[in-house]
1. Counting trypsin sites (Lys or Arg not before Pro) as exposed when in a DSSP loop with at most 11 other beta carbons within 10 Å, what is the longest stretch of the chain free of them?
2. How charged is the neighbourhood of Ile259? Take every other residue with its Cβ under 12 Å from the Cβ of Ile259, and add Lys/Arg as +1 and Asp/Glu as -1.
3. How about region 6-109: which GluC sites (Glu not before Pro) there are in a DSSP loop, with at most 12 other Cβ atoms within 10 Å of their Cβ?
4. Quick one: what are the phi-derived ³J(HN,Hα) couplings along region 212-221, Karplus 6.51/-1.76/1.60 with θ = phi - 60°, whole Hz, x for glycine and proline?
5. Can you compute 3J(HN,Hα) from phi for each residue in region 315-322, using the Karplus curve 6.51 cos²θ - 1.76 cosθ + 1.60 with θ = phi - 60°, rounded to whole Hz and x for Gly and Pro?
6. Let me know the charge dipole size of the chain about its Cα centre in debye, to the nearest 20, where only the beta-carbon of Lys, Arg (+1) and Asp, Glu (-1) is charged.
7. Within a Cβ distance under 10 Å of His204, other residues only, what is the Lys/Arg minus Asp/Glu net charge?
8. Note down the relative contact order for region 109-152 as a percent, whole number, built from C-alpha pairs under 8 angstrom at least six residues apart.
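None of the figures in this text is laboratory data; all of them are computed from the coordinates on show. These numbers were taken from a predicted model, which means no experiment stands behind them. Positions of Cβ are generated from backbone atoms using ideal geometry, with glycine treated the same way; all protein chains shown enter the neighbour counts.
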Amino acid sequence: MVHVIHTADFHLDPPMTKYLNKDKVRRKDFLKNFNALVDFALKERPDIVLISGDLFDSINPRNPVRKHVIEKLKELFLKQIKILAIGGNHDMPRSTENALSPLSILNTIEYLDFIQPVGQVINSRKINIDNVNLEIFGESYDVLNTGNRDPLDDLRFPDFNADINIFMVHGNIGLFKYRYPGDYIIKEINIPEQIDYVAAGHLHDHLEKTRYNPNLGNSTDLIYPGSIEFLSFREDLEKPKGFMFLEFAKDGLISKDFIKLKTRPLKAKNISINLNDENINQKVLDEIKPLENPELILKIILEGKIRTDQIPSIKTAKLLEFGDDLFFKLFLDNYNKLSFESSELILPDKENAKPKDVFIRFSNNLIQKEKNQKVKERLKKAKEISLRKLEKYGVD
């Protein structure tokens with residue numbers, strides 16, 4: 001039997017400037033789950049660990065993170081656990097002249113085997129464990145591909161002679177009908193029927209499919225383990241994060257388990273607002289107060305229809321300040337899902353209209369349209385106070 005961990009998309013050392021003074025803590029969330037995976041491997045002693053791209057979030061991770069990764073990989077190396085990796089769109093250089101993937105450095109010190117592209121034949125490693133012959137093919141993300149062409153169109157697999165054939169790849173496989181904007185699609189037809197298991201990376205949600213191969217009468221498992229921590233609200237926030245723990249025999253995959261990792265909670269909350277909401281800020285505060293959790297990253301999405309003159313009642317700075325007391329971090333998506341009933345300025349006909357005339361016309365228009373008598377009286381009072389202020393400062 002051969003035991004394998006399949007993982008991907010660690011994105012270690014991501015830029016977290018939007019978390020302000022909590023950026024360091026947020027970056028540590030990713031290292032924490034990297035450590036948890038290593039601890040699992042040290043306990044369960046798999047034969048192989050496959051990292052299918054984006055070990056790092058960039059080609060220039062900070063030195064403390066590099067050092068930490070090297071120390072952890074060394075622990076696995078000393079237990080005779082083989083680590084194979086390919087590059088992802090984040091940790092592969094976009095220039096052939098002056099850049100190097102951080103995986104190349106790890107490859108140099110031999111704690112990790114970086115399967116790098118070589119010519120037109122897909123590179124591979126042949127491994128024998130307990131009389132099971134495995135061939136592990138690897139194809140990193142083609143960051144120089146600007147034409148949306150499947151790089152496998154121009155590559156070929158060598159002859160298949162192993163008991164188990166595994167294909168590590170980073171990118172969007174067409175079978176999943178899921179892609180990131182601007183990415184090329186890896187065609188299902190370019191993955192040979194001889195491949196027993198596709199160890200994919202790039203998509204951050206845990207996704208699995210099994211393809212029946214009519215010519216050989218066998219099947220191919222295609223799996224994205226997903227990222228080890230949430231990176232964005234575009235991910236499926238209801239799905240857990242984790243990695244795959246696999247068992248192979250001579251005749252194929254005999255068991256697969258998804259090992260869950262504990263992540264920082266993320267939640268997106270839609271809050272409906274409308275034309276009658278006099279105090280939008282208070283409504284939002286009332287909705288989010290019951291969700292109080294110092295570990296939670298919360299995103300508020302305002303939806304509905306409001307007047308343009310209600311926009312100033314959305315006090316973004318105050319909401320975010322309040323959110324910092326309730327949550328790890330609060331984000332506010334103000335306008336993407338809002339529609340507006342216009343309350344535009346109606347300018348006098350004269351080209352040299354005076355500011356006070358513009359204000360009076362605008363105020364009268366608001367008062368005339370307002371149906372709520374209480375609000376109408378407030379607008380009248382606001383108009384009177386504002387006119388006195390304009391006169392005080394000599395605005396005519």
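1. 235-349
2. That works out to +2.
3. In loop regions of region 6-109 (DSSP not H, G, I, E or B), the sparsely surrounded GluC sites (Glu not before Pro) are Glu97.
4. Coupling constants for region 212-221: 7, 9, x, 6, 9, x, 10, 9, 10, 8 Hz.
5. 8, 4, 4, 5, 4, 5, 5, 5
6. So the dipole magnitude of the chain works out to roughly 2240 debye.
7. -3
8. With pairs under 8 Å counted, the relative contact order is 30 percent.
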